[in-house]
Number of protein chains: 4
Amino acid sequence: MKPISKYFNEGLLMNVIADLCVIPIGVGVSVSKYVAECERVLEEAGLSYRLHAYGTNIEGDWDKVMTAVKECHERVHQMGAERISSSLKLGTRIDREQSMQDKIDSVQTKLDQR
Amino acid sequence: MKPISKYFNEGLLMNVIADLCVIPIGVGVSVSKYVAECERVLEEAGLSYRLHAYGTNIEGDWDKVMTAVKECHERVHQMGAERISSSLKLGTRIDREQSMQDKIDSVQTKLDQR
Amino acid sequence: MKPISKYFNEGLLMNVIADLCVIPIGVGVSVSKYVAECERVLEEAGLSYRLHAYGTNIEGDWDKVMTAVKECHERVHQMGAERISSSLKLGTRIDREQSMQDKIDSVQTKLDQR
Amino acid sequence: MKPISKYFNEGLLMNVIADLCVIPIGVGVSVSKYVAECERVLEEAGLSYRLHAYGTNIEGDWDKVMTAVKECHERVHQMGAERISSSLKLGTRIDREQSMQDKIDSVQTKLDQR
């Protein structure tokens, strides 16, 4: 298969910056222990991730990230949540490499310029 | 591996109702041809899907859905979009089976009752 | 105030196509009666809306849509949900008018061409 | 009007933790200057906010947050973006007060316990 670009090789490597927010439904209003379990999944997967107040930024190979997202659903169900609704943002680009920190720095630079 | 429930067999089968909205960035304001390509990906994948005004509902096995989502990113990049930001909702449940139409019918029934 | 374009008059009129998904947390796995109440809010607000399997498309003036979204949270809390997590997509454009149906038709036209 | 709870007074005060991701469409792949402008809007509005790699957490009174979100769309259109697609998460609760930092601390505590 022909790679689309050196930053995005079809079927080979595809880097993604994701944002995951897992909501267990039917287990009461306190959901932090389920979110904590998802952080453990990301840690065990060896992915770069950063928890924020409404989700978790994740960075890495598309397939690894997606395997971890599935594992989050499996674990949260195993913990007793009968229903889960997650939202996942997926950012890919083929023009250049960009890390989570690059995205933040890029905005910060614009803010500092004024 | 022990299945979590008959509706959610870990590592075997995991049904998901998803909602996908793919936004190609840097290709102008008209993005319908990219969305159309994603519909073709879903069709080719043999998944149940329904386009709405702000995304596409998709129903099927978790892995099949996720393979199709990745294929959407690959195709849209191949069409020339250097950057993509998608949002994906993922709904799973282990208490019972539920289709996309079941979800709509359930709300409609409540509306009709009053 | 100077209008930005005839389709987007700052402080005067701003049309939005939105997608709302309200998730009541802590009231069990069956949430359709809460979603039904949100549909009633949209109906009462006189907005155009269309329920799908993972949310509701809404079209109308930005302020009217946002007033309705707030009313949805108020009503769902009044029904007993102590916690709510919603996701809302907001699409605005200043180059031309576009309805929910226009967006769907635009994709369908591309699909039919091939 | 009867307040729903002391943490959620209908028509009076309603605190929200939000997450906003604004995507300008049709202005090329580099969107950080538009995101920076949104950060300025939040700063000027006197809201608590925190930029992350895929959006910005915002905390405050519902109406103030929503006014700022609208202002973000207006400013980004004024900067030349003809089309915008934003995603906004909205979390409200009536059982107790909770800040953005509380949410993060709550997960961190669970992680430290094991």
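A compact table of results
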quantity: Failed criterion for residue B:28 (all others in (1) assigned to a loop (DSSP other than H, G, I, E, B); (2) touching a residue at least 40 places away in the same chain (Cβ under 8 Å) hold); calculated: (2)
quantity: Selection within segment C:44-67 - among the polar types (S, T, N, Q) and either more than 25 Å from residue D:71 (Cβ to Cβ) or under 9 Å from the mean Cα position of the chain (by Cα) (or both); calculated: C:48, C:56, C:57
quantity: Residue within segment A:77-87 that is more than 9 Å from chain D (Cβ to nearest Cβ) and part of a helix (DSSP H, G or I) present; calculated: yes
quantity: Subset of segment D:24-52 (residues that are surrounded by fewer than 22 Cβ atoms within 10 Å (Cβ to Cβ), in contact with a strand residue (DSSP E or B) (Cβ under 7 Å, 6 or more places away or on another chain), modelled with pLDDT of 95 or more and of a type in the set (A, V, I, L, M)); calculated: D:47
quantity: Those residues of segment C:89-114 which are more than 10 Å from chain B (Cβ to nearest Cβ) and either touching a Leu at 6+ places or on another chain (Cβ under 7 Å) or acidic (Asp, Glu) (or both), in sequence order; calculated: C:97
quantity: Tally of residues being within 9 Å of residue D:32 (Cβ to Cβ) and either buried (at least 21 other Cβ atoms within 10 Å of the Cβ) or in contact (Cβ under 8 Å) with a residue 40 or more places away in the chain (or both) across segment A:96-114; calculated: 2
quantity: Residues satisfying the stated conditions in segment B:75-95, i.e. under 19 Å from the mean Cα position of the chain (by Cα) and surrounded by fewer than 20 Cβ atoms within 10 Å (Cβ to Cβ); calculated: B:75
quantity: Extreme residue, farthest from residue C:88 (Cα to Cα), among residues of segment A:36-76 that are of a type in the set (Ser, Thr, Tyr) and not in a strand (DSSP E or B); calculated: A:67
quantity: Selected residue (criterion: nearest to the other protein chains (Cβ to nearest Cβ)) from residues of segment A:52-61 that are under 23 Å from residue B:74 (Cα atoms) and touching a helix residue (DSSP H, G or I) at 6+ places or on another chain (Cβ under 6 Å); calculated: A:57
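The values are calculated or read from the model by the stated rules, or taken from the named source; none is laboratory data. None of these values were measured; they are calculated from a predicted model. Note: ideal-geometry Cβ built from the backbone for every residue, glycine included; neighbour counts use all protein chains shown.
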